[in-house]
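The values are calculated or read from the model by the stated rules, or taken from the named source; none is laboratory data. Computed from a predicted structure; not experimentally measured. Positions of Cβ are generated from backbone atoms using ideal geometry, with glycine treated the same way; all protein chains shown enter the neighbour counts.
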Amino acid sequence: MDGKHHIIGIHVTDRVQRAGRVQEILSQYGTHIRTRIGLHHVNHEKCSPNGLILVEVLGDDGLCNDMRDKLCAIEGIQVKEMVFDHPE
């Protein structure tokens with residue numbers, strides 16, 4: 001790790017159509033994902049078509065940028081990133 005802490009938020013619209021591709025990309029980087037949290041609105045009748053995935057990524061800036069770029073290339077996916085510096 002390069003002394004940084006990367007948190008990536010992935011907003012998925014139309015989960016039925018796009019979740020599979022998002023999962024493929026996350027699996028490619030699975031050994032670098034320390035924490036993953038999936039959020040979506042549910043009620044008694046149905047699940048929301050949209051969702052939010054938060055991932056904590058261990059790796060250098062290049063690795064995180066590659067993952068983010070692949071996710072951003074999927075139509076209907078919005079990605080936000082928080083990076084915290086940690087002096088070594």
Give region 62-88 a look and list any residue that's in a strand (DSSP E or B) and not charged (D, E, K, R), or say none. I77, Q78, V79, M82, V83, F84
Taking region 1-35 only, how many residues are more than 13 Å from the chain's Cα centre (by Cα) and acidic (D, E)? 2
Those residues that are charged (D, E, K, R) and either in contact with a Leu (Cβ under 7 Å, 6 or more places away or on another chain) or closer than 20 Å to C72 by Cβ (or both), I need them from region 1-58; list them, please. K4, D14, R15, R18, R21, E24, R34, R36, E56
Run down K46, K70 and say which single residue is free of Cβ contacts under 8 Å to residues at least 12 places away in the same chain and either in contact with a helix residue (DSSP H, G or I) (Cβ under 6 Å, 6 or more places away or on another chain) or farther than 12 Å from G9 by Cα (or both). K46
Got a number for residues in region 1-21 being among the β-branched types (V, I, T) and closer than 19 Å to G62 by Cα? 3
Contact list please: Cβ distance under 7 Å, first residue in region 2-25 and in contact (Cβ under 8 Å) with a residue 24 or more places away in the chain, second residue of a type in the set (D, E) and assigned to a loop (DSSP other than H, G, I, E, B), pairs at least six apart or on different chains. D2/D60; G3/E88
Using the structure shown, decide if L71 is under 13 Å from the mean Cα position of the chain (by Cα), modelled with pLDDT of 90 or more and surrounded by 12 or more Cβ atoms within 10 Å (Cβ to Cβ). yes
